[in-house]
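Peer 1: Before we start, here is the structure in question, set down as structure tokens.
The values are calculated or read from the model by the stated rules, or taken from the named source; none is laboratory data. A quick note: this is a predicted structure, and the numbers were derived from the prediction, not measured. Note that we place each Cβ from the backbone using ideal geometry, even for glycine, and neighbour counts take in every protein chain shown.
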Amino acid sequence: MNEEPLYGLLAEFKEPEKLVEVAKRAREKGYRLMDGFSPYPVEGLPEALGSHRTKIPAIALTGALIGALGQLALQVVGLREMRLGLALGLHHPAVRRMLRLCAPVMLGVAFFSAGTLIDRWLASGFPAALATMQYATTMVQFPLGLIAAAIALAVLPTLARQSVAADEAAFRQTLAMGLKLVLLLVVPAAVGLATLSGPIATLLFERGAFAGSDTAATAKALLAYLPGMPATAVAQVLLFALYARQRTLAPNLIQGAAIVVYLLVALPLLWFTRLGFLALVLGNAAQWIGHMLMLLGLLGREVSLRGLRVGEALGKAVLAGMLMAAVTLGLAAGLAHAGPLTQVVIAGGLGALLYLSLCLVLRVEALAFLAEVLAVRLRAVRPYRAPSASRED
């Protein structure tokens, strides 16, 4: 009996190392038309498959350079009325002061890099953990960049001017309002990610080799990260407030202390539970919370926020967020068969509208301030209309 012709083989591997090993052996035996699929990058797989070099690195480098030059151009346009010249003056007092202030920031960057390396080294012991954690982190970092980083950068110049002028009352007011704005916006963002973690992950990532099991793992990691998300947002404002007071050493030493918090939480969970890589995610969340608490304690020794109703703002945001969570979860469950896009748009949109309405009912101060600022901005960009000339008869 003649054997059926073999057109191809399909195999699945639990471990990436096995995939690379089999690809190498197949290539050694003369097979060339091969391909490999994975939801995350596997080191050595392109070489094992005999993939040729692509233009992607060059394209990425070109894009990064264009972006950097674009950022520089935007700043140069803003400084066009100032007469600036380049000069190497390392002995200038201002340059020395900047170096003294920037050196601790470089130390903080080193701590951050060390913490990231430790986290990735521990995560590399679990299949697909690195990619899953990266996907979940991306979902957390997006709202943080839109909210925390934007607000912190917006209040930094004002805080710096008030600190130089020794106007402590104004400094306290600006800092408190920055924190209230962060709380107003980060709470619904965290609630939305928590209640719609599955549909959002499905909508963003589930295609090709990214299967439903990968979506479920990413959603679990996201839920474990989320307790630390509001703390990270608050910490960003606190850090910039300390920078405005020219305090750069202690905040960056705290960055190193936060790594210790991570290890104290992640390692016991890793050793004594069956959480797997989620132990590392919870360790990251604890690290962010510990970082925020240490910054709050450091700044609280110099600046008191008592009487500025920050706690009240937090309570109102949490109350509105809890009601938003209940409604969003119910709507998402009712729309389970409608698809992830419908769940995110309808459940998320109505949940956000409910949160906004509750903030209006609760008379959240930060919401009124934000509305006033937006109104002023809109009036400022309104096109000018010349008055119509009247003709006398």
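Peer 1: Can you give me the ranges of the helices (runs of 4 or more DSSP H) entirely in the stretch 120-224 with at least 2 residues that are of a type in the set (A, V, I, L, M, F, W, C) and within 23 Å of residue 37 (Cβ to Cβ)?
Peer 2: Correct list: 129-144, 197-205.
Peer 1: Here are some residues: 234, 260, 318. Which one is on the phi < 0 side of the Ramachandran plot, surrounded by 23 or more Cβ atoms within 10 Å (Cβ to Cβ) and of a type in the set (Val, Ile, Thr)?
Peer 2: 234
Peer 1: Answer yes or no as to whether residue 247 is under 28 Å from residue 331 (Cβ atoms) and not in a helix (DSSP H, G or I).
Peer 2: It is false that residue 247 is under 28 Å from residue 331 (Cβ atoms) and not in a helix (DSSP H, G or I).
Peer 1: Given the criterion surrounded by fewer than 21 Cβ atoms within 10 Å (Cβ to Cβ), within 30 Å of residue 16 (Cβ to Cβ) and of a type in the set (S, T, N, Q), identify the matching residue among 158, 137, 132.
Peer 2: Result: 137 is the single residue among 158, 137, 132 that is surrounded by fewer than 21 Cβ atoms within 10 Å (Cβ to Cβ), within 30 Å of residue 16 (Cβ to Cβ) and of a type in the set (S, T, N, Q).
Peer 1: Continuing with the same structure: Of all residues in the stretch 268-277, which are touching a helix residue (DSSP H, G or I) at 6+ places or on another chain (Cβ under 8 Å) and either surrounded by fewer than 17 Cβ atoms within 10 Å (Cβ to Cβ) or not hydrophobic (A, V, I, L, M, F, W, C) (or both)?
Peer 2: Scanning the stretch 268-277 gives 273, 275, 276.
Peer 1: Those residues that are closer than 27 Å to residue 362 by Cα and out of contact with any Phe, Trp or Tyr (no Cβ under 7 Å at 6 or more places or on another chain), I need them from the stretch 156-180; list them, please. Give the steps one after another, and end with the answer.
Peer 2: Filtering the stretch 156-180 for residues closer than 27 Å to residue 362 by Cα gives 169-180.
Scanning the stretch 156-180 gives 169, 170, 171, 172, 173, 174, 175, 176, 178, 179, 180.
Peer 1: Another question about this same structure. Being assigned to a helix (DSSP H, G or I) and either of a type in the set (Ser, Thr, Tyr) or touching a residue at least 40 places away in the same chain (Cβ under 8 Å) (or both) narrows it down to one residue among 314, 308, 374, 354; which is it?
Peer 2: 314
Peer 1: Tell me yes or no: at least one residue of the stretch 210-217 is of a type in the set (Ser, Thr, Tyr), without any contact (Cβ under 8 Å) to a residue 24 or more places away in the chain and more than 22 Å from residue 331 (Cα to Cα).
Peer 2: Yes, the conditions are met somewhere in the stretch 210-217.
Peer 1: Which of the residues belonging to the stretch 277-303 are outside any helix (DSSP H, G or I) and either modelled with pLDDT of 95 or more or over 14 Å from residue 245 (Cβ atoms) (or both)?
Peer 2: The one that is outside any helix (DSSP H, G or I) and either modelled with pLDDT of 95 or more or over 14 Å from residue 245 (Cβ atoms) (or both): 277.
Peer 1: Here's something else I'd like to know. Restricting to the stretch 4-30, name every residue that is basic (Lys, Arg) and loosely packed, with under 10 Cβ neighbours inside 10 Å.
Peer 2: Matches in the stretch 4-30: 14, 29.
Every residue, every condition in (1) under 17 Å from residue 129 (Cα atoms); (2) not aromatic (Phe, Trp, Tyr), yes or no:
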| position | (1), (2) |
| --- | --- |
| 195 | no, yes |
| 198 | no, yes |
| 224 | yes, yes |
| 228 | no, yes |
| 231 | no, yes |
| 238 | no, yes |
| 272 | no, no |
